[in-house]
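The values are calculated or read from the model by the stated rules, or taken from the named source; none is laboratory data. Just so it is clear, the model here is predicted, and its values are computed rather than measured. We place every Cβ from the backbone using ideal geometry, glycine too, and count neighbours over all the protein chains shown. Accessible surface areas use protein heavy atoms only, side chains included; no ligands, DNA or RNA. Shrake-Rupley method; radii C 1.70, N 1.55, O 1.52, S 1.80 Å.
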Amino acid sequence: MKATVRWVDNAMFLGESGSGHTVVMDGPEANGGRNVGIRPMEMLLIGAGGCSSFDVVSILKKSRQDVSGCDAEVTATRADAVPAVFETLNLHFRISGKNLSEKQVERAVALSAEKYCSATIMLANGGVNVSHSFEIIEI
C-alpha cells in the first residue's frame, strides 16, 4: 500500500491513496487551520469502523443472513498528554435486516475483532483497549 500527503497551507493537507482517492485534512482554527477537512485522528476512527464494518457485512452475507444495513458508531478516548494516543476504542454496530440470527451477528463481530480487521487488531496490538458491541434492528 502507498499514500501521499501534501501540505497545502497552515494546518491543511491533502492525502491521496494509492488507489487515487483524495481527502482533505485540516485542523481547527485554534491550531491555524480553517476547519475545512477531517482531522487525521478522526480518519483513524473512520478507517477502523470501515474495516470492521466491511468484515461484519461480508461474514453475514456469507452466512446467508438477510442483512440490509450496518452502521458502526466508533468512539474513542485519548490520552491527556502528548502524544494524545487512543487509549480506548469501541465499535458499536447497528445491524438491520430480516430474521437476523443473534448468534450469527455475534459471530461476525467476533471474527472481525479477533481475526480479520487489520485496523482494529493493529490498534489493539499497539495498546489500545478495543471493544465491540452490537444491536440488531429487525426490519
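Whenever you get a sec, compute what percent of the accessible area on segment 16-78 sits on carbon and sulfur atoms (1.4 Å probe).
On the way: 2030 of 3840 Å².
Whole-percent figure for carbon plus sulfur exposure: 53.
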Notebook entry, point to check: Could you name the lysines in cross-link range of Lys62, using Cα to Cα under 27 Å and dropping any fewer than eight places away on the same chain?
Noted result: Lys98, Lys103, Lys115
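Tell me, what is the per residue accessible area of the chain in Å², probe radius 1.4 Å? Please report the intermediate quantities before stating the final value.
Numbers: 8850 Å² over 139 residues.
Per residue, the chain has an accessible area of 64 Å².
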Checklist line | Cα→Cβ-extended label distance, 7 Å offset, between Lys2 and Ser133, nm | finding: 4.3 nm
Next item on the list: Just round it to a whole percent: the fraction of Cα-Cα distances in segment 72-136 exceeding 18 Å.
Entry: 41 percent
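Mind putting a number on the dipole of the chain about its Cα centre? Charges go on the C-beta only, +1 for Lys and Arg and -1 for Asp and Glu, and I need it in Debye to the nearest 20. Write out the running numbers ahead of the final one.
Details: 13 positive and 16 negative charges, 103 e Å.
So the dipole magnitude of the chain works out to roughly 500 debye.
Around Glu87, under 10 Å between beta carbons, what's the net of Lys plus Arg minus Asp minus Glu among the other residues?
Working: positive: Arg78; negative: Asp80.
Once all neighbours under 10 Å are counted, the net charge is 0.
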Check: Can you pull the accessible area of Leu45 for me, 1.4 Å probe, Å² to the nearest 10?
Finding: 40 Å²
Item checked: Efficiency of FRET between Lys98 and Arg39 - r from beta-carbon atoms, R0 25 angstrom, step 0.05 -> 0.10
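What is the ratio of the Cα radius of gyration of the chain to 2.2 N^0.38 Å, where N is its residue count, to two decimals? Please list the in-between numbers first.
Working: Rg = 17.2 Å, N = 139, 2.2 N^0.38 = 14.3 Å.
So the Cα radius of gyration is 1.20 times the expected 2.2 N^0.38 Å.
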Checklist line | Cα long-axis angle, helix 40-62 against the chain (0 to 90 degrees, to the nearest 10) | finding: 20 degrees
